[in-house]
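Asker: Sharing a structure with you now.
Every number here is computed from the coordinates shown, using simple stated rules; none is lab data. What you see is a predicted model, and the numbers here were worked out from it, not measured in a lab. Methodologically, a virtual Cβ is constructed for each residue, glycine included, from the backbone with ideal geometry; neighbour enumeration extends over all protein chains shown.
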Amino acid sequence: MDDIQQAWARITARLAPRALSGPDAPDPDAVAGAAARMGVEPAGDLRRWLLAVDLDAGRRPAAHAPLVALGCPGVLPGGALLLGLTDIERVHGQRMNLAADGLWRREWVPVAAETDGFHGVFVNTLTGTVGSWSEGEDPKEDTHPSLATFFHDIADQLDGTPRPVAEDPVHTWARAHGIRINDRGRIPADVRRAYEDGN
């Protein structure tokens, strides 16, 4: 079992059967068709996940449904829904309207979103990294190095496992040099200059 399968198994073991239903494996032609319509080539974790899980389970959205009509609730903390192929295409198409403004790129494939599509998580099909978007803010790239890491993080949150906090290199340098930074983590300008001068 590869890492994406392990991460997904942790989530499904925690939630099943209440949140996840439908066939275990979608039609590979459906995945290829969706990718072609979006103009992307899913690879790595994203491809393996799409070929293993069909969250839409053959359902179609109603005529006046919200943008995310078939998403899987109860998985992601904060209320976002995991997306199946139909919702992935719908959200991707809507977000492509923002590409000219630099707020979306074709290679970003959404995997989670709120029903209105204003907030969500995407996988960069060129790098395999995970990022996020939020209305009124620039998209954030590389929030997770892979979809498997993203799913492991979600599983840790569902299990109540505390997430490790990455420390800024300036904080690490300051602590190694006996400098205490306790102003809610804000780095004083003189400490930042000393760090930059020393590196």
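Asker: With a cut-off of 8 Å between alpha carbons and a minimum separation of six or more residues, what is the relative contact order of segment 3-159 in percent?
Answerer: 24
Asker: Quick check on segment 3-159: take the gyration tensor over C-alpha atoms, sort the square-rooted eigenvalues as a ≥ b ≥ c, and tell me if it's rounded (a/c under 1.5), prolate or oblate. The partial results should precede the final answer.
Answerer: On the way: a/c = 1.31, a/b = 1.18, b/c = 1.10.
It is rounded, given that a/c, with a ≥ b ≥ c, falls under 1.5.
Asker: While we're on this one: For the residues Phe150, Phe118, what sequence is obtained by ranking on other C-beta atoms within 10 Å, fewest first?
Answerer: On the way: Phe150 24, Phe118 12.
Least to most surrounded, the residues fall as Phe118, Phe150.
Asker: For segment 106-146, count all C-alpha to C-alpha pairs, find those more than 16 Å apart, and express that count as a whole percent of the total.
Answerer: Looking at segment 106-146, the distances longer than 16 Å represent 26 percent of pairs.
Asker: Which Cα, out of Pro77, Ala30, Leu55, lies furthest along the positive dipole direction of the chain (beta carbon charges, K/R +1, D/E -1)?
Answerer: Of the listed residues, the answer is Pro77.
Asker: At Ala62 and Arg106, where each label point lies 7 Å from the Cα along Cα→Cβ, what is the point-to-point distance in nanometres?
Answerer: 3.5
Asker: At 0.36 nm per residue, and after removing the present C-alpha to C-alpha distance, how many nm does the segment from Asp142 to Ala99 gain when stretched out fully? Walk me through the numbers on the way to the answer.
Answerer: Values: separation 43, 0.36 × 43 = 15.48 nm, distance 1.84 nm.
So the extension gain works out to 13.6 nm.
Asker: So, how do all the Cα-to-Cα distances of segment 46-108 break down into 10 Å bins, in percent, from 0 on up?
Answerer: 20, 46, 32, 2
Asker: Right, something else. Could you tell me the calculated FRET efficiency between Asp156 and Asp29, based on Cβ-Cβ distance and R0 = 22 angstrom, to the nearest 0.05?
Answerer: Values: r = 35 Å, r/R0 = 1.57.
Rounded to the nearest 0.05, the efficiency is 0.05.
Asker: Taking the Cβ of Leu85 as the centre, find all other residues whose Cβ is under 9 Å away and add up their charges (Lys, Arg: +1; Asp, Glu: -1).
Answerer: On the way: positive: none; negative: Asp54, Asp56, Asp87, Glu89.
Around Leu85, the charge tally is -4.
Asker: Evaluate Rg over Rh across segment 76-160, taking Cα atoms for both radii and Kirkwood's formula for Rh. Walk me through the numbers before you get to the answer.
Answerer: On the way: Rg = 12.2 Å, Rh = 12.9 Å.
Computed over Cα atoms, the ratio is 0.95.
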